[in-house]
């Protein structure tokens, strides 16, 4: 892997020449000795990592799921009522297993119905095939860009769904629209009675959130793409307005939240995110690395950098898993891309 060894060489060279401290550190060792082991290779445009016991499930933009075990890779079919529309930033995106039944799951995918749309459906497994069983949310506005797509089961047992503005900025401020939002749903597809607006919407004023995580106290965080850099990390609370497109960065307005952190003129394009011992770990696409953010101090460090786009991170115990995203048409794939990597956080 030429890219990997070149990055290690440059990291060592720069470390020897650097003087003084900076807020953000780089290099493949991330200042903390982060070195990965490869769990799986030759994945096709992977989007999200799910794991149960010793099995990984990796959703792919173009359809299907890849199951990864110690014995190798196994491709599994996903049978949906509408064909997946993988144009531009759409496709088959987030996938999570049902917390009480590993033979059931939830999937976010793009489709065409008189225009680009997104939906979340329930899945039921029959052997190596996952069949669409019911609709959780449909008619989520879609487009060539900003389709959101993250699914997570929160510590409260609800299903959280991130949606992008689909190129319609003003829709993010409309609490009657599902675009530019974080949604919260019961696992059976009904709306929780305590949702703040009486519909699926949990928070609004988002541009394109793709990462969601909770700390040990149940506080919720989201990472989202800014318009021109100014990517954000926000602490999410029910009913709050996170400002897009009215404010970004350090800008303030009555009734709107400013982020815990924004990237200023730097671009991360943050995607999947996970929490571990005081820090959020963020997969960066344009930033081409894994970034750690200390939620107490606001400190930012590069955890791992090999010059690859990263789409998702998943943490279990003291182990972090990540998937590269070099085969989605925007990266520069090596012969073994895309890869599922494993890191020790201890």
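Numbers at a glance
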| read-out | value |
| --- | --- |
| Residue satisfying all of: in region 143-170; part of a loop (DSSP other than H, G, I, E, B), touching a strand residue (DSSP E or B) at 6+ places or on another chain (Cβ under 6 Å) and within 15 Å of residue 207 (Cβ to Cβ); modelled with the lowest pLDDT among these | 143 |
| Qualifying positions in region 198-208 - within 25 Å of residue 107 (Cβ to Cβ) and more than 23 Å from the chain's Cα centre (by Cα) | 199 |
| Residue 108 being touching a strand residue (DSSP E or B) at 6+ places or on another chain (Cβ under 6 Å) and either within 16 Å of residue 166 (Cα to Cα) or surrounded by fewer than 16 Cβ atoms within 10 Å (Cβ to Cβ) (or both) | yes |
| Count - residues of region 274-287 that are more than 23 Å from residue 153 (Cα to Cα) and either in contact (Cβ under 8 Å) with a residue 60 or more places away in the chain or crowded, with 20+ Cβ neighbours inside 10 Å (or both) | 2 |
| Hits in region 58-67 - residues which are assigned to a strand (DSSP E or B) and crowded, with 21+ Cβ neighbours inside 10 Å | 58, 59, 60, 65 |
| Any hit, region 199-213, residues being surrounded by fewer than 17 Cβ atoms within 10 Å (Cβ to Cβ) and either touching a residue at least 60 places away in the same chain (Cβ under 8 Å) or under 26 Å from residue 102 (Cβ atoms) (or both) | no |
| Meets criteria (touching a residue at least 24 places away in the same chain (Cβ under 8 Å) and over 27 Å from residue 95 (Cβ atoms)) for residue 258 | no |
| Among the candidates 78, 121, 84, 137, residue that is closer than 18 Å to residue 212 by Cβ, in contact with a strand residue (DSSP E or B) (Cβ under 8 Å, 6 or more places away or on another chain) and either touching a residue at least 60 places away in the same chain (Cβ under 8 Å) or crowded, with 16+ Cβ neighbours inside 10 Å (or both) | 137 |
| Qualifying positions in region 171-218 - part of a loop (DSSP other than H, G, I, E, B) and within 18 Å of residue 262 (Cβ to Cβ) | 180, 205, 206, 207, 208 |
| Sole residue being crowded, with 19+ Cβ neighbours inside 10 Å and assigned to a strand (DSSP E or B), chosen from 308, 271 | 271 |
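The values are calculated or read from the model by the stated rules, or taken from the named source; none is laboratory data. Every value quoted in this text rests on a predicted model; they were computed, and no experiment measured them. Backbone-built Cβ (ideal geometry, glycine too); neighbour counts: all protein chains shown.
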